[in-house]
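**Student:** Provided herewith is a single structure, encoded as structure tokens, for subsequent inquiry.
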Amino acid sequence: MATFPLKIGTPDGLLFEDEVVRVVCRSITGDLAILARHINFCTALGMGEAHVVFEDGTRRDAACIGGMLSMLDGTCHLLATTWEWKEDIDEDRANAAKKRAEDVLAKSGLSDREYKRAEAKLHRALVRLSVKK
Ligand code: ATP
């Protein structure tokens, strides 16, 4: 299958650069798959499971927590707020973060800001745990 260059960056720098057949991630409007020869395109990313597929059929799974994706003249740039490969996700840490977020959400009288922060933290933990499965 046709490949295209994919660069994944985070605020810490370039994390990944290779030829891939497909990159799948969650955009703010839903799941998105980019293949070679996709039209020029730009979108904001949400939080969700992501993966890349290589020409030999192997696949790498990851958690993608927000950012931007562009496909410009055949090259895909994915600038993620956080991108964690499956093997780098600490499951115990994600479970602990999930528990902390659930404990906060179980309280009454939260401000809108506190509620949204805890909700986002829970969402991040759930994405990490679902990638680890
Ligand atoms: P925590 O309370 O455990 O920090 P969080 O969702 O608040 O969870 P983030 O603010 O999303 O954490 O991430 C802060 C940094 O820690 C990022 O660099 C992120 O990649 C890393 N990180 C967070 N949770 C995990 C995890 N479970 N495994 C590996 N890295 C993680």
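The values are calculated or read from the model by the stated rules, or taken from the named source; none is laboratory data. Everything numeric here is computed off the predicted structure, so don't read it as measured data. Note that each Cβ is placed from the backbone with ideal geometry, even for glycine, and that neighbours are counted across all protein chains shown.
**Student:** Taking the options 69, 105, 79, name whichever one is touching a Cys at 6+ places or on another chain (Cβ under 8 Å) and more than 12 Å from the ligand (Cβ to nearest atom).
**Tutor:** 69
**Student:** Among the candidates 73, 56, 90, 103, which residue alone is closer than 12 Å to residue 4 by Cβ, loosely packed, with under 13 Cβ neighbours inside 10 Å, modelled with pLDDT of 95 or more and not small (Gly, Ala, Ser)?
**Tutor:** Only one candidate qualifies: 73.
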